[in-house]
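Step one of this worksheet: look at the structure below.
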Amino acid sequence: TRHLKRGLPLENKKVVITAGPTHEAIDPVRYIGNHSTGLMGIELAEKAAALGAEVTLVLGPTHLGVQDTSIHLYRITTAEEMYQATLKAFEGADVAIAAAAVADYRPKNAAREKIKKKEDRFSIELVRNRDILMELGKKKKRQFLLGFALETENELENAQKKLKSKNLDAIVLNSLKDEGAGFGGSTNKITFIDKNSTIKSFDVKTKAEVALDIWNEIISRLHA
Ligand code: CTP
Ligand code: CA
């Protein structure tokens, strides 16, 4: 089907995308996770494939799937598994997007058996997970690297700090303060910030439309 994609803007480009939550086991029946559905990353993957790219999607636990059968889909559970799968695809990639809501911490030791309730208080020791995007930023060569930022205060400032500290080419700020943005919903409101501090704010749109806006921004910078 390669000939059908001739003339498309992402033709001959390899793209890797992380999406969805990660689950970090507490015991055989419980985990630490978050409310991400993976939809934003899935829409980015579908759009990239439609624009002619060869797409690898590393997807955390979600009920959602992908339509485009050309997408290489890796379903993983933990942050560490997401890291391993993403790193493999990153080396040969032209564009990498970290849209996943990775758990920042995991239980230090997952219990082998289901934990029984005993005391009135109970705590679990957590250890930091590897920052997948930060690792990609360190290994980056020719790749265009895009991250997301989820902030509830000092949004622009914090997003720009993440862009710099993770060695990104651009970052997409999810504006949680606005109606119709964030986890779970089908719409999103974003601000696109590149490494030259060019800032572009978009209206509330469906995540499919947001995905196209993001790709348009990336594509214009790939050819620049
Ligand atoms: N990210 C990642 N691996 C992690 C944590 C985050 O790849 N272990 C990526 C996310 O996919 C996102 C970006 O880093 O693209 C920013 O994630 P976010 O949670 O907003 O920021 P953190 O760097 O984790 O900082 P904090 O949660 O403390 O704000
Ligand atoms: Ca985080």
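FYI, it's all coordinate maths here, none of it is from the lab. Only a predicted model underlies this, so the values are computations on that prediction, with no experimental measurement involved. Ideal geometry is used to build each Cβ from the backbone, glycine not excepted, and the neighbour counts take in all protein chains shown.
Worth pointing out:
- FRET efficiency estimate (nearest 0.05) - Cβ-Cβ, Lys88 to Thr152, R0 25 angstrom: 0.15
- Distance violations [Cα-Cα > 18 Å] among Lys13/Lys47; Lys162/Lys205; Lys88/Lys108; Lys14/Lys88; Lys138/Lys164: Lys162/Lys205; Lys88/Lys108
- Cα gyration tensor category, rounded, prolate or oblate, for the chain with a/c compared to 1.5: prolate
- Partner aspartates and glutamates for Lys141 [C-alpha distance under 14 Å; skip if fewer than 8 residues away on the same chain]: Glu91, Asp94, Asp169
- Centroid-to-centroid separation of the range 72-116 and the range 31-52 [C-alpha atoms, Å]: 14 Å
- The chain, relative contact order [Cα under 8 Å, separation at least 6], %: 19 percent
- Its Cα centre serving as origin, the chain has a Cβ charge dipole (Lys and Arg +1, Asp and Glu -1) of approximately 700 debye.
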